[in-house]
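The values are calculated or read from the model by the stated rules, or taken from the named source; none is laboratory data. Since the model is a prediction, treat every value here as computed from it, not as a measurement. As a convention, Cβ positions derive from the backbone with ideal geometry for all residues, glycine included, and neighbour counts pool all protein chains shown. Quick note on the areas: whole protein, heavy atoms, side chains included, nothing else; ligands and nucleic acids left out. Shrake-Rupley method; radii C 1.70, N 1.55, O 1.52, S 1.80 Å.
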Amino acid sequence: MKNKLEEIKNNIEKITINSIEELELFRNKYFSKKGILAELFEEFKQAPNEVKKDLGKLLNQIKIETETKIQKATDNYSKKTKKKPTKKDKTLTIDKLLSGVRHPLTKVEKEIINIFKKQGFTVSDGPEIESDWYNFSALNFPQNHPARDMQDTFFIDKEIALRTHTSSVQVRIMENQKPPIRSIMPGRVYRNESISSRSNCYFHQVEGLFIDKDVSFVDLKQTLFSFVKEMFGSNTNVRFRPSYFPFTEPSAEMDISCLICGGSGCNICKHSGWVEILGCGMIDENVLENCKINPKEYTGFAFGMGVERITMLKYNVKDLRVFFQNDIRFLGQFIGE
Ligand code: DAH
């Protein structure tokens, strides 16, 4: 076996490896699981003990020689074959960067706010968790009014609830500011309603409040009239219908001519040609008194609209739930808006 080992050692020493392919051949022949070295180690196990020392030394030299050869060749050739970075084609257009877009509700809310700002309204904010006083009592809701019912309101306890409208902010403003007051109150409100294409357990409102000496229903009409023309276009018609709210007297609901069919009748307007967009009225004397404003000296009007409703009309959105699903296929349509 000694001769054989010496011969193999000589052979290996003579070998030069000149390419990555030759390196693979060499590794396979000598160093693989069934290669020459593995065979020699098997044979070595059978050799008589007295020659093992000599043979072992030789075998180790062969192993080291093989390993060094493989290592050197690997260093040489794997470096050379490493791909150089390919030059980028700088004339190619870059991947489109996805930028965020304003949510349609935010966009419309901003639009509403800006229109009223131009008419001299300030913007007011208030808490979403409210006491019975701000959400109901100060606003002249009778004790047994259905809106206080568990079906409409998320109560936290007997006295505290999630606000059902932003009219609660009106009370806070009236309590804290002296007329003249001209302010709008955007914000989220909550109702214990089942979720459908037309209603959700929370939505957004913008309410408005205008108090001064000699304010009349004419002022209310003109303010809202200007709002509609600016929001929906000068061809939009407006009508007021008598209605009831505990906090206003007289009260009205305002309709605009249907934006989809222009008033001729379609599914959206239930073939009436009109769609309701807000509630309004002259502030009830009781409410002014509750907020320590003298109704003999001051009068005022208030109004409230749903942002979802206005957005649906403006963009012909048929299901309100899409506003809350954050599906970028929907939101992406408002890019650049
Ligand atoms: N708060 C009413 C609602 O949530 C909307 C409303 C109607 C607000 C008349 C007002 C108003 O300020 O005067 O349905």
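Quick notes on this one:
- Residue check for Gly208: within 13 Å of the ligand (Cβ to nearest atom), at pLDDT 95 or above, under 20 Å from the mean Cα position of the chain (by Cα) and among the small types (Gly, Ala, Ser): no
- Restricting Lys110, Lys53, Lys117 to those that are more than 24 Å from the chain's Cα centre (by Cα), outside any loop (DSSP other than H, G, I, E, B) and surrounded by 10 or more Cβ atoms within 10 Å (Cβ to Cβ) reduces the list to Lys117.
- The range 255-337 holds helices (runs of 4 or more DSSP H) entirely within its bounds, and those carrying 2 or more residues that are outside the structural domain of Val228 (by TED's automatic domain parsing) and surrounded by 13 or more Cβ atoms within 10 Å (Cβ to Cβ) map to 328-331.
- For the range 17-50, residues that are loosely packed, with under 10 Cβ neighbours inside 10 Å and of a type outside the set (Asp, Glu) total 6.
- Within the range 315-331, restricting attention to residues that are touching a residue at least 12 places away in the same chain (Cβ under 8 Å) and under 12 Å from the mean Cα position of the chain (by Cα), the residue that is farthest from Tyr190 (Cα to Cα) is Leu331.
- Thr74 vs. criteria open to solvent by 50 Å² or more (accessible area, probe 1.4 Å) and either out of contact with any Phe, Trp or Tyr (no Cβ under 8 Å at 6 or more places or on another chain) or not assigned by TED's automatic domain parsing to the domain that holds Arg172 (or both): no
Okay, residues lined up against (1) assigned by TED's automatic domain parsing to the domain that holds Phe227; (2) within 13 Å of the ligand (Cβ to nearest atom); (3) among the hydroxyl-bearing types (Ser, Thr, Tyr):
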| site | (1), (2), (3) |
| --- | --- |
| Gly126 | yes, no, no |
| Tyr134 | yes, yes, yes |
| Leu139 | yes, yes, no |
| Arg148 | yes, no, no |
| Thr153 | yes, yes, yes |
| Ala161 | yes, no, no |
| Val169 | yes, yes, no |
| Ile173 | yes, yes, no |
| Asn176 | yes, no, no |
